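The block underneath contains the structure these notes are about, expressed in structure tokens.
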């Protein structure tokens, strides 16, 4: 919301009617909040325990922190001539869901942004400031930041990162900002693009660290120009093949079924075993156990 001041620079004294009018506006905003899936997907989901703790706190003490709302129009969202007003939620998605579910009142604060791109930048920066990010979430958000800044500059994300007018590449600048190597930023970009090709459920499981899938697999998916008709599930990843790796044949028939079973088993094991280093390591361990079982059976005979 815009801040007003008197000629002396002091905040003006609001008459009761003015204050009531402002409160009425905020009350109307609360009744017409829009959640955009595109923006909500930028927010890594909380761990189950974190969400339950937040829910318990809100039910006990109320929603103390205001939800941030961007007042805009439909035309700004979809580049059309539609001037229908929208009150878009940009921060506080978990709090909003909890309050709505339990009928708990909440406060809202209005923020101004010129474009949807500017909102994305704000939300990514806001999430990067969280202290409890998993390594997967941090990598994903750094990759999103790279992609968002490239798009804002009007440069294709997939092209080599050329030097800007400041003489510094985007990935070099972000590498310095996050104290990592430029190569890490490049990999983060591939990782974020791969993550965005997964189903919403699988995406959040991977980002939470609950679903152990090797980053190499996700990055390969991000690099691939292979058309994807719909978001990929866990079973789809088994059949995934990078076009530039023809030696990896797509499994078919019974082999495809077996591979899907192995994938599901491997990821189930990795959920139960937090020490499992990678998806591939779990698969190797399963194969080793099967071989040991076969040897035991043969000795008994």
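The values are calculated or read from the model by the stated rules, or taken from the named source; none is laboratory data. Everything quoted here is computed from the prediction, not taken from an experiment. Note that we place each Cβ from the backbone using ideal geometry, even for glycine, and neighbour counts take in every protein chain shown.
Structure data summary
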read-out	value
Residue among 202, 174 that alone is in a helix (DSSP H, G or I), in contact with a strand residue (DSSP E or B) (Cβ under 8 Å, 6 or more places away or on another chain), without any contact (Cβ under 8 Å) to a residue 60 or more places away in the chain and outside the structural domain of residue 44 (by TED's automatic domain parsing)	202
Tally, over region 40-58, of residues that are in contact (Cβ under 8 Å) with a residue 60 or more places away in the chain and more than 23 Å from residue 209 (Cβ to Cβ)	0
Matching residues in region 224-240 - criterion: being within 18 Å of the chain's Cα centre (by Cα) and closer than 15 Å to residue 193 by Cβ	231, 232
Qualifying position, being outside the structural domain of residue 208 (by TED's automatic domain parsing) and surrounded by 15 or more Cβ atoms within 10 Å (Cβ to Cβ), among 128, 144	128
Unmet requirement for residue 84, which otherwise passes all of (1) over 17 Å from residue 35 (Cβ atoms); (2) loosely packed, with under 11 Cβ neighbours inside 10 Å	(1)
Residue list for region 44-79, filter: surrounded by fewer than 16 Cβ atoms within 10 Å (Cβ to Cβ), at pLDDT 90 or above, over 23 Å from the mean Cα position of the chain (by Cα) and not in a helix (DSSP H, G or I)	62, 64, 73
Selection count, region 131-141, where residues are free of Cβ contacts under 8 Å to residues at least 60 places away in the same chain and either loosely packed, with under 13 Cβ neighbours inside 10 Å or touching a helix residue (DSSP H, G or I) at 6+ places or on another chain (Cβ under 6 Å) (or both)	1
Test: residue 34 is modelled with pLDDT of 90 or more and either in the same structural domain as residue 205 (by TED's automatic domain parsing) or more than 21 Å from the chain's Cα centre (by Cα) (or both)	no
